[in-house]
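The values are calculated or read from the model by the stated rules, or taken from the named source; none is laboratory data. Given the structure is predicted, the values throughout are model-derived calculations rather than measurements. No Cβ is skipped: glycine too gets one built from the backbone with ideal geometry, and neighbour counts run over all protein chains shown.
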Amino acid sequence: MKQYIFVVNKPKQPDPKEIRIDATGMLDAFNQAKELHLKAMNETKSKIDIKFKGTVYSK
């Protein structure tokens, strides 16, 4: 399994936050990130930017 790292920028937070998502593939990770993005936007009612940072391979 791999960990996909996404950087989340919220308007009221000065420092971006990193989120690590455990997924079997890139598409699965993007779908999970998309769900988190939509949930966060509905909670805060503001624009949130998510960017892909990288992948961590583990055994």
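Based on what the data block shows, is residue 32 in a loop (DSSP other than H, G, I, E, B) and either out of contact with any helix residue (DSSP H, G or I) (no Cβ under 8 Å at 6 or more places or on another chain) or at pLDDT 95 or above (or both)?
Details: in a loop (DSSP other than H, G, I, E, B): no; either out of contact with any helix residue (DSSP H, G or I) (no Cβ under 8 Å at 6 or more places or on another chain) or at pLDDT 95 or above (or both): yes.
No: the conditions fail for residue 32.
Going through the range 1-52 one residue at a time, which ones are surrounded by 14 or more Cβ atoms within 10 Å (Cβ to Cβ) and over 13 Å from the mean Cα position of the chain (by Cα)?
2
When you scan the range 35-59, how many residues do you find that are of a type in the set (Ser, Thr, Tyr) and in a strand (DSSP E or B)?
Adding up the residues that qualify gives 2.
Can you pull out the residues in the range 19-38 that are among the acidic types (Asp, Glu) and under 13 Å from residue 55 (Cβ atoms)?
Result: 22, 28.
Scan the range 42-59 and report the pairs whose first residue is on the phi < 0 side of the Ramachandran plot and whose second residue is assigned to a helix (DSSP H, G or I), with Cβ atoms within less than 6 Å and a gap of 6+ or a chain change.
Listed by first residue and then by second, the contacts come to 48/40; 48/41; 50/33; 50/37.
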